[in-house]
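Structure first, then comments.
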Ligand SMILES: Nc1nc2c(ncn2[C@@H]2O[C@H](COP(=O)(O)OP(=O)(O)OP(=O)(O)O)[C@@H](O)[C@H]2O)c(=O)[nH]1
Ligand SMILES: [Mg+2]
Ligand SMILES: [Zn+2]
């Protein structure tokens, strides 16, 4: 297994040269389990740990290796590698950590395609689907929607769900699947090409791990029945990159209950109508009200019309919502081809 087949392409090659001293190799992080790592390189797979310097130098969790990362390792013994640094991430999936401060948790790195799994049954929720799509887009990852558990709904109900997704302007590829009947699994499998990294993302209980087991061909990983309310039970906790027989790589993730604050800039404007009003007189249309000349918000701040604490909470909230900036959605709404597109998709959904 050479590193190229693990996804180490020119992009990483160009960026790793200066970062890899004599005696270190690039290796891919295969599993992360509460601070314990395994990495894989041309030499094979070994347990790995962070160098002391790295551990103390990293001041926040996004700096630490996550599954899918390429890291610089030194082989301390045949069974132990020491991780000295993380190579730049080509793509990433991250979410805001629950809490007041803006901190991110990186869920997986260097993923080419994220399969966003949503169940036809209890879990179906278009705004949530949109949040996952934004998350993928933020991390430069191509999203594909898997509408799971189609065995639990009628064909008409499924058509209706597809219409609702398309009606919301979501244009990502979509595959209806069922682990139970096997529907869509061939189409899914066809997408898993060698050398690329894929990720399963979605609420707890939608069938991600079951799907992985179906693809691997046996029950390698445990799943759990959903509770009577239809709420999934968290089963998958450790993060692992699975190297499939054909050379494709697939990451299963635990369901994420909280995707972080969903802040549309519209909502922000609503709660800060006063600042919104002031900003109409800023010199620049795209004024960020932080340091621009002719900023009417800053003028109001300096002459006391605008309260400093209020201004600060505005900045703070804006910083949090920037991550979930919905320009993707907004752009789609403006898309001229949108109407035509919906029509063609509705036709497809009925087929
Ligand atoms: N009816 C039906 N049930 C399914 C299907 N796929 C999975 N399930 C069931 O749904 C439950 C949850 O499946 P999991 O694969 O553990 O779900 P998960 O998305 O991995 O959940 P987390 O690991 O908690 O994020 C299990 O009881 C599965 O047997 C399906 O296609 N149809
Ligand atoms: Mg799971
Ligand atoms: Zn301004």
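Values in this text are rule-based calculations from the coordinates and carry no lab data. Just so it is clear, the structure is predicted and the values come from calculations on it, not from any experiment. Here Cβ is always computed from backbone atoms with ideal geometry, including for glycine, and neighbour counts include all displayed protein chains.
Assorted remarks:
- As a proxy for reagent exposure, ranking 107, 216, 251, 82 by other Cβ atoms within 10 Å from fewest up yields 216, 82, 107, 251.
- Packing-based exposure ordering (other Cβ within 10 Å, fewest first) of 14, 22: 22, 14
- As a proxy for reagent exposure, ranking 140, 289 by other Cβ atoms within 10 Å from fewest up yields 140, 289.
- Residue separation of residue 53 and residue 126 scaled by 0.36 nm, minus their Cα-Cα distance, works out to 21.8 nm of gained length.
- Available extension along the chain between residue 142 and residue 11 is 45.4 nm, counting 0.36 nm per residue and deducting the alpha carbon span.
- Under the Debye formula (equal points on every Cα, no solvent term), log10 I(q)/I(0) of the stretch 10-86 at q = 0.23, 0.26, 0.27 Å⁻¹: -1.09, -1.37, -1.46
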